[in-house]
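The values are calculated or read from the model by the stated rules, or taken from the named source; none is laboratory data. Because the structure is predicted, anything quoted here is derived from the model rather than measured. Heads up, the Cβs are rebuilt from the backbone with ideal geometry, glycines too, and the neighbour counts pull from every protein chain shown.
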Amino acid sequence: MTMGEQSFTAMADPKAAGTAPEVGIGMLGYAFMGKAHTNAYKKIPYMMYPPPAIPRLVAICGRNVEAAQEAARRYGYEKVYGDWREMLADPAVQLFDNGGPNNAHAEPCIAAARAGKHVFCEKPLARNAEEAKTMLDAVTKAGVKHQVAFNYRFVPAIRQAYELIQSGKLGRIYHFRAIYLQEWIMPHYNTPMIWRLDKKAAGSGALGDLGAHIIDLGRFLVGEMKSVSAMTKTFITERPQGDGTMGKVEVDDAFVSCVEFANGAIGTLEATRFAAGRKNYEVLEINGEKGSIRFDLHRMNELEVFWIDDEPKETQGFHQVLISEGYHPFWSNWWPHGHIIGWEHSFVHELTHFLDCIVNDKPVAPLAASFEDGYRTACVCDAILASAAGKRQVDIRY
């Protein structure tokens, strides 16, 4: 191919020529997740090239209008709203991105679906399975695209593990064990009574905040969960409130659970916000008849793999594999091998997937978590709480 032919090919691709369809974004929330999602939208057009669509930052919304205005100036949103209802009435908003707290998931997402907007919602989908089901019913009835922000599905090493399992190379799966450990509400941080510690706002504590991630990864990598047996613990039962009084903490600070999968595998799940020294420590291991896989989020560009039939036997053992080659998931859009990427890039990958599903009418699942997946994860969370409360094994029912 000559240089001229290469140029003509590039121009013949409408997406490469810069004419990919625009999708108008309406963002609820300007803090942690609003920042992470916006960063991804801004990177997509030039890094996930050619992009399936060009995100247009139409509007950002927050109860603190002054803070929302500052976020709009910083990120480049065209408009600011103090009420999500007004934002959803804006015809330029085609995709509603909900980065609000858990108690602000259901009502806005349902309203967005009824208004014909596609819906992207932060995890956990809802405070409980009943609430999640109302959201699933709404997006299903409206016929809009829907995705839950379980971003760890879009870490290249996790996707590589998924592909290895789906290919049958691990054979029958025997074990799934996962932990997610943080320390940020331990006593030395003097954390007050924030919304994540309020049952009415959050629904649950470490379970919904951290446990939902590893439950989703268990379902994604191994399959549906059949039953659980669990224990939860609240270590600090009162926290100071803004008015000087003490508020009662009714959510879990930590949980541990045994789980049985429908395919016969068994597993363990553990999450806590009281693990001193652990900042964002998510580790999982899968053992199968032909080998094992281990992943550590702190080393997110790596997989540890062990194959039973490895030769020679004298050097058989776990191998540290750097997931950064051009043939590894998502890597063709990034850097030469060995030039690692980070946590923020998982959002780039998941939102590119959602935009592709919207403009090309592709199914969100199984690669991403749909609201069906969010609902099923909520069912597992509810079963864990029921098991802990009743001190018994609980079957998961959808």
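Would you mention how many residues in the range 105-122 are surrounded by 24 or more Cβ atoms within 10 Å (Cβ to Cβ), part of a loop (DSSP other than H, G, I, E, B) and in contact with a helix residue (DSSP H, G or I) (Cβ under 6 Å, 6 or more places away or on another chain)?
Summing the residues that are surrounded by 24 or more Cβ atoms within 10 Å (Cβ to Cβ), part of a loop (DSSP other than H, G, I, E, B) and in contact with a helix residue (DSSP H, G or I) (Cβ under 6 Å, 6 or more places away or on another chain) in the range 105-122 gives 1.
Could you look through the range 49-84, keep only residues that are among the small types (Gly, Ala, Ser) and in contact with a Leu (Cβ under 8 Å, 6 or more places away or on another chain), and pick out the one that is nearest to TRP335 (Cα to Cα)?
Filtering the range 49-84 down to residues among the small types (Gly, Ala, Ser) leaves 53, 59, 62, 67-68, 71-72, 76, 82.
If we keep only those that are in contact with a Leu (Cβ under 8 Å, 6 or more places away or on another chain) too, we end up with 53, 62, 76.
On the way: ALA53: 22, GLY62: 36, GLY76: 26 Å.
For the range 49-84, the residue satisfying everything is ALA53.
How about the range 235-264: which of its residues are of a type in the set (D, E, K, R) and buried (at least 17 other Cβ atoms within 10 Å of the Cβ)?
Going through the range 235-264, the residues of a type in the set (D, E, K, R) turn out to be 238-239, 243, 248, 250, 252-253, 260.
Hits for the range 235-264 are ARG239, ASP252, ASP253, GLU260.
Only strands (runs of 3 or more DSSP E) wholly contained in the range 235-274 count here; list those with 2 or more residues that are in the same structural domain as GLY171 (by TED's automatic domain parsing), in contact (Cβ under 8 Å) with a residue 12 or more places away in the chain and touching a Cys at 6+ places or on another chain (Cβ under 9 Å). Quick ask: steps written out before the conclusion?
Working: elements: 238-240, 246-248, 254-261, 266-272.
In the range 235-274, the matching strands (runs of 3 or more DSSP E) lie at 266-272.
Within the range 347-361, does at least one residue satisfy the condition of being touching a helix residue (DSSP H, G or I) at 6+ places or on another chain (Cβ under 9 Å) and surrounded by fewer than 18 Cβ atoms within 10 Å (Cβ to Cβ)?
Step one: of the range 347-361, the residues touching a helix residue (DSSP H, G or I) at 6+ places or on another chain (Cβ under 9 Å) are 347-353, 355.
Filter again for surrounded by fewer than 18 Cβ atoms within 10 Å (Cβ to Cβ), leaving none.
Scanning the range 347-361, I find no residue that is touching a helix residue (DSSP H, G or I) at 6+ places or on another chain (Cβ under 9 Å) and surrounded by fewer than 18 Cβ atoms within 10 Å (Cβ to Cβ), so the answer is no.
For the range 213-234, which residues satisfy the criterion of being touching a residue at least 60 places away in the same chain (Cβ under 8 Å), surrounded by fewer than 19 Cβ atoms within 10 Å (Cβ to Cβ) and not in a strand (DSSP E or B)?
Across the range 213-234, the qualifying residue is only GLU224.
Let me confirm something: among VAL144, VAL139, which residue is more than 30 Å from GLY247 (Cα to Cα), part of a loop (DSSP other than H, G, I, E, B) and not assigned by TED's automatic domain parsing to the domain that holds LEU210? It would help to see each step written out before you state the result.
Working: VAL139 fails: part of a loop (DSSP other than H, G, I, E, B).
One residue alone meets the criteria, VAL144.
Residue-wise test of (1) at pLDDT 95 or above; (2) at positive phi.
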residue: LYS199; (1), (2): yes, no
residue: HIS213; (1), (2): yes, no
residue: GLY223; (1), (2): yes, yes
residue: LYS233; (1), (2): yes, no
residue: ILE236; (1), (2): yes, no
residue: GLY242; (1), (2): no, no
residue: LYS248; (1), (2): yes, no
residue: ALA265; (1), (2): yes, no
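Give me a count of the residues in the range 88-98 that are among the hydrophobic types (A, V, I, L, M, F, W, C) and more than 24 Å from the chain's Cα centre (by Cα). Don't jump to the end; show me each part of the working.
Within the range 88-98, the first condition is being among the hydrophobic types (A, V, I, L, M, F, W, C), and the residues that meet it are 88-89, 92-93, 95-96.
Pick out the ones that are also more than 24 Å from the chain's Cα centre (by Cα) and you get 89, 92.
Residues in the range 88-98 being among the hydrophobic types (A, V, I, L, M, F, W, C) and more than 24 Å from the chain's Cα centre (by Cα): 2 in total.
In the range 33-47, which residues are under 21 Å from CYS121 (Cβ atoms) and either without any contact (Cβ under 8 Å) to a residue 60 or more places away in the chain or part of a loop (DSSP other than H, G, I, E, B) (or both)? Can you show your working first?
Applying the first criterion (under 21 Å from CYS121 (Cβ atoms)) to the range 33-47 yields 33-44.
LYS35, THR38, LYS42 - these are the residues of the range 33-47 that are under 21 Å from CYS121 (Cβ atoms) and either without any contact (Cβ under 8 Å) to a residue 60 or more places away in the chain or part of a loop (DSSP other than H, G, I, E, B) (or both).
Got a sec? Which of ALA132, ALA71, ALA92 is in contact (Cβ under 8 Å) with a residue 40 or more places away in the chain, within 19 Å of TYR41 (Cα to Cα), outside the structural domain of SER370 (by TED's automatic domain parsing) and not in a loop (DSSP other than H, G, I, E, B)? Let's see the steps before the verdict.
On the way: ALA132 fails: within 19 Å of TYR41 (Cα to Cα); ALA92 fails: not in a loop (DSSP other than H, G, I, E, B).
Going through ALA132, ALA71, ALA92 in turn, just one is in contact (Cβ under 8 Å) with a residue 40 or more places away in the chain, within 19 Å of TYR41 (Cα to Cα), outside the structural domain of SER370 (by TED's automatic domain parsing) and not in a loop (DSSP other than H, G, I, E, B): ALA71.
Please identify the pairs in which a residue from the range 374-398 that is over 30 Å from LYS145 (Cβ atoms) has its Cβ atom under 9 Å from the Cβ atom of a residue that is in a helix (DSSP H, G or I) and of a type in the set (Ser, Thr, Tyr), counting only partners at least 6 apart or on another chain.
Close Cβ pairs satisfying both conditions: GLN393/SER387; VAL394/SER387.
For LYS169, indicate whether it is touching a Ser or Thr at 6+ places or on another chain (Cβ under 9 Å) and part of a loop (DSSP other than H, G, I, E, B).
On the way: touching a Ser or Thr at 6+ places or on another chain (Cβ under 9 Å): no; part of a loop (DSSP other than H, G, I, E, B): yes.
Answer is no for this residue.
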